[in-house]
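J.: Have a look at this one before I ask anything.
The values are calculated or read from the model by the stated rules, or taken from the named source; none is laboratory data. Note that this is a predicted model, so its numbers are computed, not measured. Note that we place each Cβ from the backbone using ideal geometry, even for glycine, and neighbour counts take in every protein chain shown.
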Number of protein chains: 2
Amino acid sequence: MTKKPVPYKIYLSEEEIPKQWYNLNAAMKVKHAPFLNPATLQPCSAAELSQVFCAECVEQELNDKDLYIDIPEDIRAFYKMYRPSPLVRAYVLEKALDTPAEIYYKFEGNNTSGSHKLNSAVAQAYYAKKQGLKSVTTETGAGQWGTALSMACAFYGLDLRVYMVKVSSEQKPYRKEVMRTYGATVIPSPSDSTEAGRKILKEFPGTGGSLGCAISEAVECAVSSPSCRYVLGSVLDHVVLHQSVIGLESKVAMEKYGVQPDIVIGCVGGGSNFGGLIAPFMGEKIQGKNNIEFIGVEPASCPSLTRGKYVYDFCDSAKITPLAKMYTLGCGFMPSASHAGGLRYHGMSPIVSALYHEGLMRAVAVEQTKVFEAAEFFARTEGILPAPESSHAIRAAIDEALKCKETGEKKTILFGLTGTGYFDMAAYKQYNDGTMTDTVPTDEELAKGFASIPAIPQNN
Amino acid sequence: MTKKPVPYKIYLSEEEIPKQWYNLNAAMKVKHAPFLNPATLQPCSAAELSQVFCAECVEQELNDKDLYIDIPEDIRAFYKMYRPSPLVRAYVLEKALDTPAEIYYKFEGNNTSGSHKLNSAVAQAYYAKKQGLKSVTTETGAGQWGTALSMACAFYGLDLRVYMVKVSSEQKPYRKEVMRTYGATVIPSPSDSTEAGRKILKEFPGTGGSLGCAISEAVECAVSSPSCRYVLGSVLDHVVLHQSVIGLESKVAMEKYGVQPDIVIGCVGGGSNFGGLIAPFMGEKIQGKNNIEFIGVEPASCPSLTRGKYVYDFCDSAKITPLAKMYTLGCGFMPSASHAGGLRYHGMSPIVSALYHEGLMRAVAVEQTKVFEAAEFFARTEGILPAPESSHAIRAAIDEALKCKETGEKKTILFGLTGTGYFDMAAYKQYNDGTMTDTVPTDEELAKGFASIPAIPQNN
């Protein structure tokens with residue numbers, strides 16, 4: 001293919017928004033192990049999962065056969081309000097780094113939720129409405145998922161209750177107001193509104209909470225009403241599926257310009273943005289059609305891939321969810337108050353975990369101050385003020401580009417810029433003031449987390 | 001022209017970014033009166049203005065001959081990082097209002113400054129750098145102009161000192177951190193760092209400040225150093241000129257789809273976004289080529305067009321700037337702490353003032369709670385969380401669309417959505433909590449403001 005001159009930003013037309021999601025689960029030769037019912041240790045049935053999740057999401061969750069799954073026209077109509085997202089050539093960053101590498105980023109922050117989260121929020125709210133539900137619950141860390149779901153629920157006329165990780169709700173008071181403006185009810189977690197919350201508060205008085213703990217509360221609240229379901233913003237296969245629009249659009253846009261990535265980089269918390277970004281590229285790698293290097297970037301303060309165990313564990317702190325086979329620090333692991341709230345999760349998407357276990361991708365852990373250094377450099381060159389979560393990917397992309405500078409290699413790097421940092425200014429203030437510190441869990445702290453992994457036969 | 005189906009968002013290509021700005025000043029048959037030196041009451045010379053502003057901006061300011069002025073390639077390269085901005089068809093809003101009207105909006109908020117302000121910030125920083133200056137000063141109200149200029153100065157390597165209206169700096173603490181992240185120094189105004197600030201603090205102890213007062217401080221600071229100049233984010237002709245990219249892109253995009261606006265609406269504070277949005281459309285109206293209705297929307301709390309006087313007045317509170325012929329509430333008018341900080345200015349762009357005086361446009365004043373009602377409705381339908389300033393235009397656009405619903409007219413409405421409200425959540429919180437109030441100046445308060453207008457012959 002002849003290479004056309006690449007503009008700063010490549011926008012596809014609205015008609016080029018994918019008509020089908022890409023099901024990475026179907027592309028994988030080695031499937032990840034099934035969810036288990038913790039009471040029976042047997043694989044969860046669709047009926048069991050449907051007590052917690054919307055029926056159509058459960059169907060997608062369990063589908064490891066169909067490589068492509070249709071996107072309903074109603075969802076595509078919503079996507080057209082903010083998609084396709086731009087694929088940006090980072091000309092200014094490249095020049096500032098003086099690197100021979102070409103750097104591209106897929107920017108998902110140009111919508112009010114400020115991130116890629118809206119891609120799955122819209123889909124899940126649509127399916128909930130279609131099923132005749134009245135309300136949904138969820139948890140949120142950084143607040144971007146909660147905002148995205150608030151927007152989707154306002155659009156489809158669903159009631160929404162958001163359990164927001166307490167430390168995030170304190171660091172980002174205005175996130176709460178955005179969700180309220182869209183009509184959602186926001187509750188800092190752990191709260192005394194659920195059994196799970198009360199138990200955690202008793203065990204860890206004064207805790208800032210975690211995603212795992214907020215999940216427990218949201219699930220408990222959802223299953224207590226027949227017209228309510230729980231909606232999750234990451235980790236699960238159907239969320240990775242919805243996020244595949246990121247990768248599909250990126251692939252089409254790059255092909256239009258005759259560009260093929262050598263390296264694809266994304267931050268990993270629950271793993272859905274990364275799974276979605278890499279999906280179609282990874283599918284081809286599994287088929288032997290490319291040799292792309294995939295890099296998941298996690299915070300050193302919550303290093304589930306680089307320092308976790310690949311075992312069955314609960315998805316939440318209160319041990320009420322099904323068991324998932326994944327890289328985990330233990331469902332009882334309490335990450336320190338890193339500012340990348342969206343990455344403070346003890347586990348990892350089973351899909352991403354399986355890819356990592358099979359050696360199809362690698363992972364790096366980076367420290368907070370190095371992440372903000374990259375964030376500031378990126379803001380001053382490329383203009384966009386990135387979210388702390390997204391900045392993990394920026395850090396790794398810059399590091400790879402600097403390696404190219406040393407070796408003289410002209411690699412093509414694609415990274416996912418998942419969102420903007422407009423609600424993270426308290427963290428930027430710490431960095432600006434020079435008071436930000438790095439926290440890395442000690443071996444003792446890790447051991448304590450691992451001790452919370454359920455003692456079941458781990459022979460899968 | 002045959003009408004093509006209109007997508008949700010119309011993006012022009014980067015090559016379609018205008019190569020020339022549209023000089024509305026040259027299009028006007030009746031030119032606005034010149035700036036006067038307050039000491040001599042004679043028109044300001046280029047040399048006088050150049051002590052305060054960059055030379056090339058002064059040249060543009062005084063140019064009322066050339067209808068088109070070239071945009072330097074370096075500025076266009078920066079524009080490509082975030083432009084063209086989308087022209088959006090408000091399908092969901094139309095449906096929610098059940099109106100026969102077609103509503104379009106030009107969305108300028110998809111950049112880190114969160115508004116259209118970057119269009120002029122880039123140009124002015126570029127000219128300052130080209131002139132060999134080391135630093136610039138400015139004022140900011142809502143903070144969007146200060147953020148925009150911080151981004152531009154980081155890019156061109158200029159030092160920047162921002163005087164931020166005190167009440168805004170308190171309402172929006174995180175705005176300050178964004179500017180700091182881009183390397184700017186931010187000072188709440190009035191401050192004791194200038195003569196002007198100290199004088200205002202003495203006269204109005206405890207005041208929340210105003211744009212006029214922050215301007216005084218920034219100008220005083222700039223003229224005290226030969227390698228520094230003052231940079232203004234609105235009001236002046238060259239700022240309106242730079243903002244004409246908004247109108248030019250809008251016009252091309254609408255023509256592509258065979259659409260012609262019947263009504264064009266924008267919020268007015270200093271008047272630059274409105275002047276830029278209407279520029280090419282108004283130029284054609286002056287030539288008798290269209291009969292578009294232009295509506296400027298201002299806050300009822302600071303109603304310079306609808307309740308002000310068309311006279312010569314100072315542009316700042318401390319009476320150190322040249323005199324401008326404009327609609328004004330008096331340079332001593334202290335607006336109440338409305339949340340639309342960007343609209344708290346006592347005067348109005350001389351170009352917009354002259355158009356209004358000639359009857360080429362009309363103006364409406366709207367109250368704050370009605371503005372936030374429109375903002376929330378817009379957020380829940382169109383997804384985007386708008387800035388309070390921009391929401392003044394939304395309010396008027398909704399009102400016009402509802403009139404169409406009554407009359408059955410299928411008018412085409414275009415409005416400028418100048419920016420996002422992510423840093424305005426304290427105001428949204430007041431609205432969400434039901435504690436927001438409306439303040440409209442009494443006749444007595446207006447009379448007090450008018451008394452500050454300089455007593456000079458007002459015979460132009």
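J.: Among A:T207, A:T181, A:T185, A:T194, which is the only one that is touching a Cys at 6+ places or on another chain (Cβ under 7 Å) and hydroxyl-bearing (S, T, Y)? Outline the logic, then answer.
T.: Working: A:T207 fails: touching a Cys at 6+ places or on another chain (Cβ under 7 Å); A:T181 fails: touching a Cys at 6+ places or on another chain (Cβ under 7 Å); A:T185 fails: touching a Cys at 6+ places or on another chain (Cβ under 7 Å).
Selected residue: A:T194, the only one of A:T207, A:T181, A:T185, A:T194 that is touching a Cys at 6+ places or on another chain (Cβ under 7 Å) and hydroxyl-bearing (S, T, Y).
J.: On to the next question. Considering every residue within region B:400-410, establish whether at least one is within 14 Å of chain A (Cβ to nearest Cβ), within 29 Å of B:H242 (Cα to Cα) and either surrounded by fewer than 24 Cβ atoms within 10 Å (Cβ to Cβ) or among the aliphatic types (A, V, I, L, M) (or both).
T.: No; the residues of region B:400-410 include none that is within 14 Å of chain A (Cβ to nearest Cβ), within 29 Å of B:H242 (Cα to Cα) and either surrounded by fewer than 24 Cβ atoms within 10 Å (Cβ to Cβ) or among the aliphatic types (A, V, I, L, M) (or both).
J.: From the list B:T442, B:T435, B:T412, pick out the single residue that is among the polar types (S, T, N, Q) and within 16 Å of B:P261 (Cα to Cα).
T.: That would be B:T412, the only listed residue that is among the polar types (S, T, N, Q) and within 16 Å of B:P261 (Cα to Cα).
J.: Being within 21 Å of the chain's Cα centre (by Cα) and among the β-branched types (V, I, T) is the filter; apply it to region A:28-74 and report the residue that is nearest to A:Y126 (Cα to Cα).
T.: A:I71
J.: Of the numbered conditions (1) of a type in the set (D, E, K, R); (2) in contact with a helix residue (DSSP H, G or I) (Cβ under 9 Å, 6 or more places away or on another chain); (3) over 29 Å from A:S224 (Cβ atoms); (4) in a helix (DSSP H, G or I), A:E15 fails exactly one; give the number of that condition.
T.: It fails just one condition, (2).
J.: Looking at A:K130, is it away from every other protein chain (no Cβ under 14 Å), modelled with pLDDT under 95 and either more than 22 Å from B:I384 (Cβ to Cβ) or in contact with a Ser or Thr (Cβ under 6 Å, 6 or more places away or on another chain) (or both)?
T.: No.
J.: Only one of (1) within 25 Å of B:L12 (Cα to Cα); (2) under 24 Å from the mean Cα position of the chain (by Cα); (3) surrounded by fewer than 17 Cβ atoms within 10 Å (Cβ to Cβ) fails for A:I10. Which number is that?
T.: Condition (3) is where A:I10 drops out.
J.: Has region A:65-83 got any residue that is within 20 Å of A:L241 (Cβ to Cβ) and small (G, A, S)?
T.: Taking every residue of region A:65-83 in turn, at least one turns out to be within 20 Å of A:L241 (Cβ to Cβ) and small (G, A, S).
J.: Please go through region B:133-164 and pick out each residue that is out of contact with any strand residue (DSSP E or B) (no Cβ under 6 Å at 6 or more places or on another chain) and closer than 17 Å to B:E389 by Cα.
T.: Once the filter is applied, which keeps residues that are out of contact with any strand residue (DSSP E or B) (no Cβ under 6 Å at 6 or more places or on another chain) and closer than 17 Å to B:E389 by Cα, region B:133-164 yields B:A142, B:G143, B:W145, B:T147, B:A148.
J.: Look through region A:44-70, keep the residues that are polar (S, T, N, Q) and part of a helix (DSSP H, G or I), and return whichever of them is surrounded by the fewest Cβ atoms within 10 Å (Cβ to Cβ).
T.: The residue in question is A:S50.
J.: Does A:S272 satisfy the criteria of being in contact with a Gly (Cβ under 6 Å, 6 or more places away or on another chain) and either more than 30 Å from A:A77 (Cα to Cα) or hydroxyl-bearing (S, T, Y) (or both)?
T.: Numbers: in contact with a Gly (Cβ under 6 Å, 6 or more places away or on another chain): no; either more than 30 Å from A:A77 (Cα to Cα) or hydroxyl-bearing (S, T, Y) (or both): yes.
When the stated conditions are applied, A:S272 does not pass them.
J.: So which of B:G347, B:G419 ends up being crowded, with 19+ Cβ neighbours inside 10 Å, more than 14 Å from chain A (Cβ to nearest Cβ) and not aliphatic (A, V, I, L, M)?
T.: Checking each option against the conditions leaves just B:G347.
J.: May I pose another question? What number of residues within region A:261-285 satisfy the criterion of being in a helix (DSSP H, G or I) and in contact (Cβ under 8 Å) with a residue 60 or more places away in the chain? Outline the logic, then answer.
T.: Kept after step one, since they are in a helix (DSSP H, G or I), are these residues of region A:261-285: A:272-285.
Those still in the list that are in contact (Cβ under 8 Å) with a residue 60 or more places away in the chain too: A:272-280, A:282-283, A:285.
Result for region A:261-285: 12.
J.: Collect the residues in region A:336-345 that are at pLDDT 75 or above and either under 17 Å from the mean Cα position of the chain (by Cα) or not assigned by TED's automatic domain parsing to the domain that holds A:P441 (or both), keeping them in residue-number order. Quick ask: steps written out before the conclusion?
T.: Step one: list which residues in region A:336-345 are at pLDDT 75 or above, which gives A:336, A:339-340, A:342-345.
Of everything in region A:336-345, those that are at pLDDT 75 or above and either under 17 Å from the mean Cα position of the chain (by Cα) or not assigned by TED's automatic domain parsing to the domain that holds A:P441 (or both) turn out to be A:H339, A:A340, A:G342, A:L343, A:R344, A:Y345.
J.: Does A:S225 fit the bill of being within 20 Å of A:D192 (Cα to Cα), crowded, with 24+ Cβ neighbours inside 10 Å, not assigned by TED's automatic domain parsing to the domain that holds A:S304 and not aromatic (F, W, Y)?
T.: It is false that A:S225 is within 20 Å of A:D192 (Cα to Cα), crowded, with 24+ Cβ neighbours inside 10 Å, not assigned by TED's automatic domain parsing to the domain that holds A:S304 and not aromatic (F, W, Y).
J.: Between residues in region A:368-380 that are in the same structural domain as A:F415 (by TED's automatic domain parsing) and residues that are of a type in the set (D, E), which pairs lie under 7 Å by C-beta distance while being six or more apart or on different chains?
T.: Correct list of pairs: A:Q368/A:D438; A:T369/A:D438.
J.: If you go through region A:200-226, how many residues are in a helix (DSSP H, G or I) and among the polar types (S, T, N, Q)?
T.: Let us first name the residues in region A:200-226 that are in a helix (DSSP H, G or I), namely A:200-203, A:211-223.
So of that shortlist, the ones also among the polar types (S, T, N, Q) come out as A:216.
Qualifying residue count, region A:200-226: 1.
J.: Give the number of residues within region A:124-138 that are among the hydroxyl-bearing types (S, T, Y), in contact with a helix residue (DSSP H, G or I) (Cβ under 6 Å, 6 or more places away or on another chain) and either over 14 Å from A:I71 (Cβ atoms) or surrounded by 24 or more Cβ atoms within 10 Å (Cβ to Cβ) (or both). Let's see the steps before the verdict.
T.: Let us first name the residues in region A:124-138 that are among the hydroxyl-bearing types (S, T, Y), namely A:126-127, A:135, A:137-138.
With the extra rule that they be in contact with a helix residue (DSSP H, G or I) (Cβ under 6 Å, 6 or more places away or on another chain), the set shrinks to A:126-127, A:137-138.
Narrowing further to those that are either over 14 Å from A:I71 (Cβ atoms) or surrounded by 24 or more Cβ atoms within 10 Å (Cβ to Cβ) (or both): A:127, A:137-138.
Total meeting the criteria: 3.
J.: Then there's this: So, restricting to helices (runs of 4 or more DSSP H) that lie completely within region B:90-199, which ones have at least 1 residues that are among the basic types (K, R)?
T.: Filter on region B:90-199 gives B:91-97, B:118-130, B:166-171, B:173-181.
J.: Scan region A:155-193 for residues that are of a type in the set (S, T, N, Q), buried (at least 18 other Cβ atoms within 10 Å of the Cβ), under 27 Å from A:A123 (Cα atoms) and modelled with pLDDT of 90 or more and jot them down.
T.: A:T181, A:S189, listed by residue number.
J.: List the number of the failed condition for B:M425; all other conditions in (1) without any contact (Cβ under 8 Å) to a residue 24 or more places away in the chain; (2) surrounded by fewer than 22 Cβ atoms within 10 Å (Cβ to Cβ) hold.
T.: Going through the list (1) without any contact (Cβ under 8 Å) to a residue 24 or more places away in the chain; (2) surrounded by fewer than 22 Cβ atoms within 10 Å (Cβ to Cβ), B:M425 breaks only (2).
J.: Identify, please: which residue in region B:429-460 is within 14 Å of chain A (Cβ to nearest Cβ) and outside any helix (DSSP H, G or I) and is, among those, surrounded by the most Cβ atoms within 10 Å (Cβ to Cβ)? Steps first, answer last, please.
T.: Within region B:429-460, the subset within 14 Å of chain A (Cβ to nearest Cβ) is B:429-436.
Filter once more, so that each one left must be outside any helix (DSSP H, G or I): B:434-436.
Working: B:G434: 7, B:T435: 8, B:M436: 17.
Restricting to residues being within 14 Å of chain A (Cβ to nearest Cβ) and outside any helix (DSSP H, G or I), the top hit is B:M436.
J.: Something else: Do we find that A:K29 is farther than 25 Å from A:K319 by Cα and in contact with a Pro (Cβ under 6 Å, 6 or more places away or on another chain) in this structure?
T.: Details: farther than 25 Å from A:K319 by Cα: yes; in contact with a Pro (Cβ under 6 Å, 6 or more places away or on another chain): no.
Judged against the criteria, A:K29 is not a match.
J.: Restrict the check to region B:229-241 and report whether at least one residue is charged (D, E, K, R) and crowded, with 22+ Cβ neighbours inside 10 Å.
T.: First, pick out the residues of region B:229-241 that are charged (D, E, K, R): B:229, B:237.
The next check asks that each one be crowded, with 22+ Cβ neighbours inside 10 Å; those that pass are B:229, B:237.
The answer is yes; a qualifying residue exists.
J.: Return only the number of the condition from (1) out of contact with any Phe, Trp or Tyr (no Cβ under 8 Å at 6 or more places or on another chain); (2) modelled with pLDDT under 95 that B:V58 does not satisfy.
T.: Single failed check for B:V58: (2).
J.: With respect to the numbered conditions (1) in contact with a helix residue (DSSP H, G or I) (Cβ under 8 Å, 6 or more places away or on another chain); (2) more than 23 Å from A:N25 (Cα to Cα); (3) within 13 Å of chain B (Cβ to nearest Cβ), which one is the sole condition not fulfilled by A:A121?
T.: A:A121 satisfies every listed condition except (2).
Quick grid of which residues meet (1) within 23 Å of B:S452 (Cβ to Cβ); (2) in contact (Cβ under 8 Å) with a residue 12 or more places away in the chain:
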{"site": "B:E203", "(1), (2)": "yes, no"}
{"site": "B:A222", "(1), (2)": "no, yes"}
{"site": "B:C228", "(1), (2)": "no, yes"}
{"site": "B:S234", "(1), (2)": "yes, yes"}
{"site": "B:H242", "(1), (2)": "no, yes"}
{"site": "B:I246", "(1), (2)": "no, yes"}
{"site": "B:V259", "(1), (2)": "no, yes"}
{"site": "B:A300", "(1), (2)": "yes, yes"}
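J.: Which one is nearest to the other protein chains (Cβ to nearest Cβ), of the residues in region B:364-392 that are β-branched (V, I, T) and closer than 16 Å to B:A90 by Cβ?
T.: Residue satisfying both the conditions and the ranking: B:I384.
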